[in-house]
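The values are calculated or read from the model by the stated rules, or taken from the named source; none is laboratory data. None of the values given here were measured: they were computed from a predicted structure. All Cβ positions, glycine included, derive from the backbone under ideal geometry; neighbour counts span all protein chains shown.
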Amino acid sequence: MRKVTFHPVTQADLQEVLTLERASFPHPWSAEHIFNEIHSPHSFPLLARLEDGSCAGYICPMLVLDEGQILNVAVQPSFRGKGIGMMLLEAALELFREKGATVVYLEVRPTNATAISLYTRCGFITIGRRKAYYENGEDAILMKYELPMKKEEHHAV
């Protein structure tokens, strides 16, 4: 695997992210939705770039108080199965730690076995279902990741 770097998604990346959305999801986010996530005080979307500058994928994490939410993860079809999704997820979890999150949630389609496997390998556990969550009426599996406390946060009693 070539070297991958992570950068906050900016307005200049909007078209690349929109193209990736369209290649990845049956009901992709609109340009306006992506724009709003880029400029939201709660979201911090990250873009994965390869050495040649090409976009390999992106993740859109959101933090409200101490609760994180993974809103979206997408990897370019030609880069799937090469660890990009895992790297994006790990980068987002590290940012959540730095920002003081204690827990992270996400929803995933029950039919997306690849994503479920990735999330499970990263330590997410299934905690429930959201009925008719998706546009087509499909349920979502609700998953949770507990962020361990930083060592300096442990206090002697």
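Scanning the stretch 20-65 for residues that are surrounded by fewer than 17 Cβ atoms within 10 Å (Cβ to Cβ), under 13 Å from Val75 (Cβ atoms) and of a type in the set (Ser, Thr, Tyr) gives a single hit, Ser54. For Tyr134, the criteria (1) in contact with a His (Cβ under 8 Å, 6 or more places away or on another chain); (2) modelled with pLDDT of 95 or more hold in every case but one, which is (2).
The number of residues in the stretch 1-25 being in a strand (DSSP E or B) and in contact with a helix residue (DSSP H, G or I) (Cβ under 7 Å, 6 or more places away or on another chain) comes to 2.
The listed residues are Thr126, Thr120, and the only one of them that is touching a helix residue (DSSP H, G or I) at 6+ places or on another chain (Cβ under 9 Å), at pLDDT 95 or above and surrounded by fewer than 20 Cβ atoms within 10 Å (Cβ to Cβ) turns out to be Thr126. Checked against (1) closer than 18 Å to Leu14 by Cβ; (2) at pLDDT below 95, Leu50 passes all but condition (1).
Looking for something of a type outside the set (Lys, Arg) and within 21 Å of Ser30 (Cβ to Cβ) - is there at least one such residue anywhere in the stretch 94-107? Scanning the stretch 94-107 turns up at least one residue that is of a type outside the set (Lys, Arg) and within 21 Å of Ser30 (Cβ to Cβ).
Here Ser78, Ser117 are screened, and the one residue that is among the hydroxyl-bearing types (Ser, Thr, Tyr), under 16 Å from the mean Cα position of the chain (by Cα) and not in a strand (DSSP E or B) is Ser117.
Residues are listed down the side, and each one gets a yes or a no for (1) within 23 Å of Gln76 (Cα to Cα); (2) without any contact (Cβ under 8 Å) to a residue 60 or more places away in the chain; (3) not hydrophobic (A, V, I, L, M, F, W, C):
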position	(1), (2), (3)
Pro110	yes, yes, yes
Ser117	yes, yes, yes
Cys122	yes, yes, no
Ile127	no, yes, no
Tyr134	yes, no, yes
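Rundown of residues vs (1) assigned to a strand (DSSP E or B); (2) out of contact with any strand residue (DSSP E or B) (no Cβ under 6 Å at 6 or more places or on another chain); (3) under 20 Å from Glu90 (Cβ atoms); (4) β-branched (Val, Ile, Thr), yes/no style:
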site: Pro28; (1), (2), (3), (4): no, yes, no, no
site: Glu32; (1), (2), (3), (4): no, yes, no, no
site: Ile38; (1), (2), (3), (4): no, yes, no, yes
site: Asp52; (1), (2), (3), (4): no, yes, no, no
site: Ala56; (1), (2), (3), (4): yes, no, yes, no
site: Ile59; (1), (2), (3), (4): yes, no, yes, yes
site: Met62; (1), (2), (3), (4): yes, no, yes, no
site: Gly68; (1), (2), (3), (4): yes, no, yes, no
site: Leu71; (1), (2), (3), (4): yes, no, yes, no
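Taken together, the criteria place Leu65 among residues that are over 22 Å from Leu14 (Cβ atoms) and free of Cβ contacts under 8 Å to residues at least 24 places away in the same chain. Pairing residues of the stretch 82-94 that are within 11 Å of Tyr58 (Cβ to Cβ) with residues that are modelled with pLDDT under 95 and among the hydroxyl-bearing types (Ser, Thr, Tyr), at Cβ distances under 9 Å and at least 6 apart in sequence or on separate chains, gives Gly85/Thr114. Looking at the stretch 124-135, can you tell me whether even one residue there is within 16 Å of the chain's Cα centre (by Cα) and basic (Lys, Arg)? So far as the stretch 124-135 goes, no, none of its residues is within 16 Å of the chain's Cα centre (by Cα) and basic (Lys, Arg).
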